[in-house]
Amino acid sequence: MESFNFLLLSFSLFFLAAVSLLILRSSAAASRRKRHLPPGTFGLPFLGETLQLISAYKTGNPEPFVDDRVGKYGAVFTTHIFGEPTVFSADPELNRFVLQNEGRLFEASYPASIANLLGRYSLVLMSGTLHKRMHSLTMSFVNSSTMKDYLLLDIDRLVRLNMDSWTGRILLMEETKKITFQLMVKQLMSFDPCEWTENLMKEYMLVIDGFFTLPSPLLSATYRRAIQARGKVAEALNKVVTERRKEREFGAEKKNDMLEALLEGDGGATGGDGSGGGFSDEEIVDFILALLVAGYETTSTIMTLAVKFLTETPLALAQLKKEHDEIRLRKGEIRALEWDDYKSMPFTQCVINETLRVANIIGGVFRRATTDVNIKGYTIPKGFRIFASFRGVHLDQEHFTDARTFDPWRWQSNPGPTSSMTAYMPFGGGPRRCPGYELARVELSVFLHHLITRFSWAPAEEDKLVFFPTTRMIKRYPIIVQNRSISMNTE
Ligand code: HEM
């Protein structure tokens, strides 16, 4: 009798769950029709399609997640991911529209874990007048002329310094992270690599680990560690700001770095509108903390993946070698690269474009509609989230021939991101377009130059590229390097 009761209870619960699911689904479909949302499915209650997305992006081939839905519904579809219904766009026109209308029809939307760890005065979380000012301040700090005048010198020196210790087996992902972290610290605060920068980097890694966890110190040990590490990083940066303020008071020589530009800044968020007073220590610390994250994690991943793709495409590697060996031979004894050298690397730029296209380290960005937006026959309701997928576009045959193949030569007829290839947006677009896009290119070019002219290499073991929670090589891409010298008869 007891087991019969249990069976009856189980059946009733199952029946209730099935009916609720049906009601939820049909009411979601009805409300979608009413609101003219793009077609699609919200998946399971609460979870939506998050698990399908995560399991796809944890593999080396996440494309079926988007391919299946684009096949069924078209390039713009509705789904439910990371706790919210979301319009997913693999349509370049819609993506561009969303990014261009930042601040008017849409606003940036980051998960709570990232927002809490970055701090409210990080560029990615600012909006309005303050965002505009700080974005252009950042741009003016990393534009072509600052790079030509002094940043290139540091980039070249630090890349070479790091490579001096390379021998035998190295973990390329670790090495590139070290390089880009040191570069950002130097450019932001004028510190050369030392024990202090090394410790700071260790804490940073813990902060980044917390970006993709549950934002609850009680439920997630990773998040708890990340919050603690964030505190330590902020404390260290605070000390630097205090010291620099003192140096300035005592008339020390001005430094050519971002911190100096911020201290010179004639108005921060104090007062709330971005117009009054100087920047407070909290504003400067949040701003630098986030800039450091934005600048080093992305570029180091692209450096590693460029090497991976080149290793797998020997013809491209051979052509790149030729380009860099010629530069090296032309320069003779002079080791440091100059601006004119950087400007004479056309195939390198093709390799960089193609790596950015295929790797998609920032696969897309989340935005939220600030008003009802009617576009392409659909309505994106106010408050609704939209994901502008760069990856979905970059790997679509409709926009790039043989889209899933690494083919740097495709850029020879369409050089550069300012070309007619409007579907190409690895650095985003609109008012939030990456201010570091040119800095990243210079760093990548210098890195490839020294790597290729100083070493030959081979993978030390099999490794795998995955895309969730971030784009990375599982084993950090172990390679074995060997010194090489260049003669007129290059390999
Ligand atoms: C290969 C390297 C890089 C890639 C692929 C990349 C990509 C991007 C993308 C797609 C965005 C737009 C985010 C959005 O619209 O919400 C962005 C924003 C940003 N990037 Fe980069 N980035 C790279 C390197 C850098 C570097 C070296 C810096 C250092 C200056 C940097 C600083 C930033 C900042 C501060 C933002 C926020 C801009 C804003 O919200 O106004 N990035 N990046």
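The values are calculated or read from the model by the stated rules, or taken from the named source; none is laboratory data. As the structure is a computational prediction, the values presented were derived from the model and not from experiment. Backbone-built Cβ (ideal geometry, glycine too); neighbour counts: all protein chains shown. Ligands, DNA and RNA are excluded from the accessible area calculation, which covers all protein heavy atoms including side chains. Shrake-Rupley method; radii C 1.70, N 1.55, O 1.52, S 1.80 Å.
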Task: Subset of the range 55-70 [touching a strand residue (DSSP E or B) at 6+ places or on another chain (Cβ under 9 Å) and open to solvent by less than 70 Å² (accessible area, probe 1.4 Å)] - done: TYR57, THR59, GLY60, PRO62, VAL66, ARG69, VAL70
Open item on the list: Among the residues in the range 395-402, are any at pLDDT 95 or above and either within 15 Å of the ligand (Cβ to nearest atom) or basic (Lys, Arg) (or both)?
Closed with: no
Task: Residue pairs meeting the criteria (Cβ under 6 Å; at least 6 apart or on separate chains; first open to solvent by 20 Å² or more (accessible area, probe 1.4 Å), in the range 140-155; second not hydrophobic (A, V, I, L, M, F, W, C)) - done: TYR150/ASN256; ASP154/LYS186
- [ ] Report the residue count in the range 291-324 for those that are of a type in the set (Asp, Glu) and closer than 20 Å to LEU153 by Cα.
- [x] 0
- [ ] Quick one: CYS350 ticks every box in (1) over 26 Å from PHE65 (Cα atoms); (2) outside any helix (DSSP H, G or I); (3) within 16 Å of the ligand (Cβ to nearest atom) except a single one, so which number is it?
- [x] (2)
Open item on the list: Against the definition (among the polar types (S, T, N, Q) and crowded, with 18+ Cβ neighbours inside 10 Å), how does THR222 come out, yes or no?
Closed with: no
TODO: List every residue pair whose Cβ atoms sit under 6 Å apart, with the two residues 6 or more apart in sequence or on different chains, where the first one lies in the range 388-417 and is farther than 26 Å from VAL98 by Cβ and the second, anywhere, is modelled with pLDDT of 95 or more and in a loop (DSSP other than H, G, I, E, B).
DONE: PHE406/THR313
Task: Filter pass, THR405 being surrounded by fewer than 17 Cβ atoms within 10 Å (Cβ to Cβ) and among the polar types (S, T, N, Q) - done: yes
- [ ] From TYR73, TYR110, grab the single residue that is within 16 Å of the ligand (Cβ to nearest atom), open to solvent by 50 Å² or more (accessible area, probe 1.4 Å) and of a type outside the set (A, V, I, L, M).
- [x] TYR110
TODO: Taking only the range 426-443 into account, find how many residues are assigned to a helix (DSSP H, G or I), open to solvent by 30 Å² or more (accessible area, probe 1.4 Å) and under 15 Å from VAL98 (Cα atoms).
DONE: 2
Task: Lone qualifier among GLU253, GLU235, GLU249 - being at pLDDT 95 or above, out of contact with any strand residue (DSSP E or B) (no Cβ under 8 Å at 6 or more places or on another chain) and open to solvent by 30 Å² or more (accessible area, probe 1.4 Å) - done: GLU235
Task: Subset of the range 64-82 [modelled with pLDDT under 95 and either part of a loop (DSSP other than H, G, I, E, B) or among the acidic types (Asp, Glu) (or both)] - done: PHE82
Open item on the list: Condition (residue is touching a helix residue (DSSP H, G or I) at 6+ places or on another chain (Cβ under 8 Å), within 16 Å of the ligand (Cβ to nearest atom) and closer than 19 Å to GLY295 by Cβ) applied to the range 406-417: is it met by at least one residue?
Closed with: yes
Task: Condition met for THR422 (under 26 Å from ASN95 (Cα atoms), within 16 Å of the ligand (Cβ to nearest atom) and at pLDDT below 95) - done: yes
Task: Conditions (1) away from the ligand (no atom under 11 Å from the Cβ); (2) hydrophobic (A, V, I, L, M, F, W, C); (3) within 23 Å of GLN187 (Cβ to Cβ); (4) surrounded by fewer than 20 Cβ atoms within 10 Å (Cβ to Cβ); number of the one not met by LEU125 - done: (1)
TODO: Could you please give the count of residues in the range 319-364 that are among the small types (Gly, Ala, Ser) and touching a Lys or Arg at 6+ places or on another chain (Cβ under 8 Å)?
DONE: 3
TODO: Determine whether the range 256-268 contains at least one residue that is open to solvent by 60 Å² or more (accessible area, probe 1.4 Å), over 25 Å from LYS132 (Cα atoms) and not basic (Lys, Arg).
DONE: no
Task: When residues of the range 444-470 are limited to those that are within 16 Å of the ligand (Cβ to nearest atom) and under 15 Å from the mean Cα position of the chain (by Cα), the one least open to solvent (accessible area, probe 1.4 Å) - done: LEU444
- [ ] Considering (1) out of contact with any Pro (no Cβ under 9 Å at 6 or more places or on another chain); (2) within 16 Å of the ligand (Cβ to nearest atom), say which one PHE427 fails and leave the rest.
- [x] (1)
- [ ] Hey, could you check the range 325-374 for residues that are open to solvent by 70 Å² or more (accessible area, probe 1.4 Å) and charged (D, E, K, R) and say which is nearest to LEU105 (Cα to Cα)?
- [x] ASP372
Task: Scope the range 362-379; condition assigned to a loop (DSSP other than H, G, I, E, B) and either more than 24 Å from the chain's Cα centre (by Cα) or away from the ligand (no atom under 16 Å from the Cβ) (or both); matching residues - done: THR370, THR371, ASP372, LYS376, GLY377
- [ ] Note down all Cβ pairs under 6 Å where the first residue falls in the range 85-102 and is within 16 Å of LEU395 (Cα to Cα), the second is aromatic (Phe, Trp, Tyr), and they're at least six residues apart or on different chains.
- [x] PHE88/PHE77; PHE88/PHE387
Open item on the list: Give me the helices (runs of 4 or more DSSP H) completely within the range 180-265, filtered to those with at least 2 residues that are hydroxyl-bearing (Ser, Thr, Tyr) and more than 22 Å from the chain's Cα centre (by Cα), ordered by residue number.
Closed with: none
